[in-house]
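A.B. asks: Encoded as structure tokens, here's the structure I'll be asking about.
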Amino acid sequence: MPAVKAANPRTIFAPEDWSAITRVSPWQGIFQIVHAWSVVALAAFGTAWAWEQSWMAGLVATPIALAILGGRQLGLSILMHDGAHGLLHPNRQVNNWLGQWPSGAATGSDLHAYRAYHLTHHKFTQQPEDPDLSLSKPFPTTRASLWRKVMRDLTGQTFFKQRSHQFAAALRGLQAMLTNEASEADGKRDTSAGRAFNLQSRSGIDAPVANIEGAKTTARTVGRFLFVQLILLAVSLTFWGWLPFLLWIAALATTFQLFLRIRNIAEHACTTTGSDDPFTHARTTYAGLIERSTVAPYWVNYHSEHHLFMGVPCYNLPRAHALLGKGGYHAKMTIEPNYWSVLRRVTAIPTA
């Protein structure tokens, strides 16, 4: 099918407004990454301190910390996503480093593989060629079905399944690098690892890496992921023992998976598929403090605005939303008042 119809910002925004909301700040992206890691440190070390005070304080603090940590892990993935669009920093090299190392590597994502595959999602949003269509295609579903997925996330089953596939592909890639094994794709930018093993999106997570170069890309991605985990372990042991690091890993295996799922559902599930109207391809969901701390960090809830104008940095999406409202465009958009409303909408099928 042809690419989806794009919105024309020149017919929607005044030139000065468009210039303002598309301006990429040299410091905002860095600030967001520092903010994410600062919250991670406060949650992890604060909970370790709570356990030292009493077991009751520790029991209260631990689930709160897991929610906060999972939210910031999702936040780091969102910031990597902004880097894939070149929106973390106006300097391309700085942007790519920020998206690859302090944000993407922390959760096991590769910026470059993700960028190529994700731009295909934008080009063919909600059409058969959309690599993310599998995220929205199963909906609406039953509450029982969604609840089973939630339990798999919170018990670590989703994490184990994803990481086992990712690590198996990485071992294959490492073997190929050690033996200098080559493929026809070597020397080219391979996107199969972006589709198959990028944890920013679930699409194709169980698919095999298409070729040796894809396996090598996955090996390098896992290498960066493990390197960051070693740094976090060293910091944890230096300042407060094992517990802060264990909390980080526990969140990565549980709450991060759940929040990622909910965020993916909210973005496109039960929106119009294959429509020519660019205002119908994604959903914006209003988010309160708790939602912004968990399932909607760094303004990712303004997803309709992001698809309409993917050159707008995440910190300018609220302003884009306000300008669209001022212009009378909200009526054309898919907007939900909160994430509970989204979940009710996507579980509209009665349980048998």
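A.B. asks: Between residues in the range 142-155 that are closer than 15 Å to Gln257 by Cβ and residues that are in a helix (DSSP H, G or I) and β-branched (Val, Ile, Thr), which pairs lie under 7 Å by C-beta distance while being six or more apart or on different chains?
C.D. replies: Arg152/Thr158
A.B. asks: If a residue has to be among the basic types (Lys, Arg), in contact with a helix residue (DSSP H, G or I) (Cβ under 7 Å, 6 or more places away or on another chain) and either surrounded by fewer than 15 Cβ atoms within 10 Å (Cβ to Cβ) or more than 23 Å from Leu79 (Cα to Cα) (or both) to count, how many in the range 288-335 make the cut?
C.D. replies: The qualifying residues number 1.
A.B. asks: Can you name every one of the helices (runs of 4 or more DSSP H) wholly within the range 92-159 that holds 3 or more residues which are modelled with pLDDT under 90? I'd like the intermediate steps shown before the answer.
C.D. replies: Values: elements: 92-98, 111-123, 133-136, 143-154.
In the range 92-159, the matching helices (runs of 4 or more DSSP H) lie at 133-136.
A.B. asks: May I pose another question? If Glu213 satisfies every condition in (1) modelled with pLDDT of 90 or more; (2) buried (at least 21 other Cβ atoms within 10 Å of the Cβ) but one, which is the exception?
C.D. replies: (1)
A.B. asks: Picking from Gln73, Gln53, which residue would you name as being of a type outside the set (A, V, I, L, M) and surrounded by 20 or more Cβ atoms within 10 Å (Cβ to Cβ)? First the steps, then the outcome.
C.D. replies: Working: Gln53 fails: surrounded by 20 or more Cβ atoms within 10 Å (Cβ to Cβ).
Criteria check complete, one pass: Gln73.
A.B. asks: Taking the condition of being buried (at least 24 other Cβ atoms within 10 Å of the Cβ) and either part of a loop (DSSP other than H, G, I, E, B) or aliphatic (A, V, I, L, M) (or both), how many residues in the range 81-91 meet it? First the steps, then the outcome.
C.D. replies: The initial filter retains those residues of the range 81-91 that are buried (at least 24 other Cβ atoms within 10 Å of the Cβ), namely 81-84, 87-88.
Pick out the ones that are also either part of a loop (DSSP other than H, G, I, E, B) or aliphatic (A, V, I, L, M) (or both) and you get 84, 87-88.
Here the count works out to 3.
A.B. asks: Tell me the residue from Asp206, Asp190 that is of a type in the set (Asp, Glu), within 24 Å of Gln157 (Cα to Cα) and at pLDDT below 50, please.
C.D. replies: Details: Asp190 fails: within 24 Å of Gln157 (Cα to Cα).
Criteria check complete, one pass: Asp206.
A.B. asks: Any idea which residue in the range 1-31 is farthest from Gly99 (Cα to Cα), counting only those that are surrounded by 15 or more Cβ atoms within 10 Å (Cβ to Cβ) and among the hydroxyl-bearing types (Ser, Thr, Tyr)?
C.D. replies: The residue in question is Thr22.
A.B. asks: Where the second residue is charged (D, E, K, R) and the first is free of Cβ contacts under 8 Å to residues at least 12 places away in the same chain and lies in the range 17-36, which pairs have Cβ atoms under 9 Å and are six or more apart or on separate chains?
C.D. replies: Trp18/Arg10; His35/Arg72
The values are calculated or read from the model by the stated rules, or taken from the named source; none is laboratory data. The structure presented is a predicted model; accordingly, all values stated were derived computationally and were not measured. Note: ideal-geometry Cβ built from the backbone for every residue, glycine included; neighbour counts use all protein chains shown.
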